[in-house]
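Down below is the structure, laid out as C-alpha cells.
The values are calculated or read from the model by the stated rules, or taken from the named source; none is laboratory data. Everything quoted here is computed from the prediction, not taken from an experiment. Counting neighbours? That spans all protein chains shown, and the Cβs are built from the backbone with ideal geometry, glycine included.
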Amino acid sequence: MTTVTMPQLGESVTEGTVLAWLKQPGDPVRLDDPLCEIETEKVTAELPSPFEGTMGEILVPEGETVNVGEPLCTVLEGVVPGGAPPAAAGATVGGSWSGGPMAIPPDEPPVPAPSSAPAAAPKTSAAGPNVPRPPRTAAINPESRERYYSPAVMRLATEHGVDLTTVKGTGVGGRVTRKDVETRLAAGAAAAIAPAVAARQPQTGGARYDVVQLSATRRTIAENLKRSNLEAPQAWTMVEADVTALVRLRGQQRAEFRQREGADLTLLPYFAVAVCETLRDFPMLNARWEGDELRRYHGVDLGIAVAAETGLIVPVIHDAGDLNLGGMARRIADIVDRARARKLRIEDIEGGTFTVNNTGSFGSIASKPIVNYPQAAIVTLERAVKRPVVVEGDAIAIRSMVNLCLSFDHRAMDGLEAGGFLAALKQRMETLGS
C-alpha cells in the first residue's frame, strides 16, 4: 500500500484544496488515472496516479485544504480489483458528491454552510494566523451542492465580506465557485457586503479613497515579487530592433495561419523561437536557483507571462527549444487559453527556466520586468511601432521598430553575458523575414 500526498502545484504554493474525488475505495486505478481534482490560488488540476492498482482509503474529504506533502489517499499497487474494497483502519474519511454521505472524524461535528449571521473565529492554517482555515464540511448530497463552499471560495468571501447565500452558483449542481464570487465583487453588489466588514471600510460619500481588499491570488503575486526584489539584485538593459522584415513576413503568413490554426498569428511566437535559439548560445541566462545552487539547464522550459482575470500567471512550455514556429504558436495559444480558463495542469506551471513577457500587447514601448524568481532572467517584447529612422546612406525611412527589454539576476551573470544575449537576440529578430 502506497500513500499519495499533496503535490506542490507550482513554485511558492504551500497548500491545496481537494475539490472532488474521482476514484472511490475499491475502484481500479490505471497509470495516470486522475485520482482527485485539486485547487490552489492559481490553478485547478487533476492529480494523476503514479502507478496501477486499486484505490484504498481516502484520507482527506472533499473541500478540505491541506499542506503540501500531507497524505491524501492510499493505493494498493498491483492489486487486481474485483474483490472487496481494501479494509481501512477506522472510519474512512472521504466521499463523493454523487455517492453516499461523507464521513468526518468523530471529534469534529458537522458544520453547516456559512450564512450572514456572525460566526466564531476561524481556525488558522500552517500558513499563518491571518489565513483562515475553513472548517471541515459535513455530509454532502446532490440536492445540497449549492450550499457547499470550497475553502478557496470561503476565504475569498470572508476576506471581502460576501454573503454566499446571496450568490448564484454556476458550478456543478449549482455550486458557488471562486469565479462567481469574483463576478459579484466586480459588480460591486453592496448587498453582499456583511455589516461587520462594511463598518470597517471608509464611506464613499465625500471620502478621498477606498480600501482595496486584496484577493488571495493578488497576495501570492505580491509575496513572490517582493521575494524576487529582496533576494535577487536585478539589473536592466534594453536594445532597439528593426523588425520591418518580420512585420512584413507576419502579414504574409497571417491569413493562411488563421485558416489553418483558427487563431491569430502575433509576433510573440517568432520572438519565443528566437529567444530559445539565442539561449543555446548564452546558456547562463537559462538558469534557476535551487537554494544556494545555481543550475544551468540544457533544455529550455519557457515561461510565458499571461494576464488573467485572477492575476498574473506564468505557465511553462516545456522543451520549447524543440519547437518550430507553428508548434510554438499552437503551444502559446493553448496555454494562454487554458490559463485564462483556469484549466492548467500541474506540469503546466512547474520548472520554468526562462520567462518571456509580451508587454507590447498592452501598447507598452518600454518596460522593466521583474525576474520570475528563482529564474535568473526575463525578457519582454514591446510594441512594434512605425517611425522615421536614419538608415544606410544617412537616408530617412519609415521602419517598424521594437524595444527588447531584459532584466537579470546580477548574482548569476554580469553585463557581458546579458548584453551579449540581447545583442544576439536583436540580430535574430532583425534577420527574420529578410
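Candidates 296, 280, 258: the one that is in contact with a strand residue (DSSP E or B) (Cβ under 9 Å, 6 or more places away or on another chain) and charged (D, E, K, R) is 296. Only residues that are surrounded by 19 or more Cβ atoms within 10 Å (Cβ to Cβ), within 30 Å of the chain's Cα centre (by Cα) and not in a helix (DSSP H, G or I): list them for the stretch 235-274, please. Matches in the stretch 235-274: 265 only.
Here residue 384 passes the criteria (1) more than 25 Å from the chain's Cα centre (by Cα); (2) modelled with pLDDT under 95 except the one numbered (2).
Taking the stated definitions as given, is residue 126 at pLDDT below 65, farther than 28 Å from residue 311 by Cα and either surrounded by fewer than 16 Cβ atoms within 10 Å (Cβ to Cβ) or basic (Lys, Arg) (or both)? Steps first, answer last, please.
Values: at pLDDT below 65: yes; farther than 28 Å from residue 311 by Cα: no; either surrounded by fewer than 16 Cβ atoms within 10 Å (Cβ to Cβ) or basic (Lys, Arg) (or both): yes.
No: the conditions fail for residue 126.
Just one residue in the set 217, 177, 166 is at pLDDT 70 or above, closer than 30 Å to residue 9 by Cβ and not aliphatic (A, V, I, L, M); that residue is 177. Exactly one residue among 389, 402, 379 is farther than 22 Å from residue 306 by Cβ, of a type outside the set (Phe, Trp, Tyr) and in a strand (DSSP E or B), and that residue is 389.
The number of residues in the stretch 325-358 that are more than 16 Å from residue 263 (Cβ to Cβ) and either at pLDDT 95 or above or in a loop (DSSP other than H, G, I, E, B) (or both) comes to 12.
Counted as qualifying within the stretch 6-73 are no strands (runs of 3 or more DSSP E), as none has 2 or more residues that are in the same structural domain as residue 305 (by TED's automatic domain parsing).
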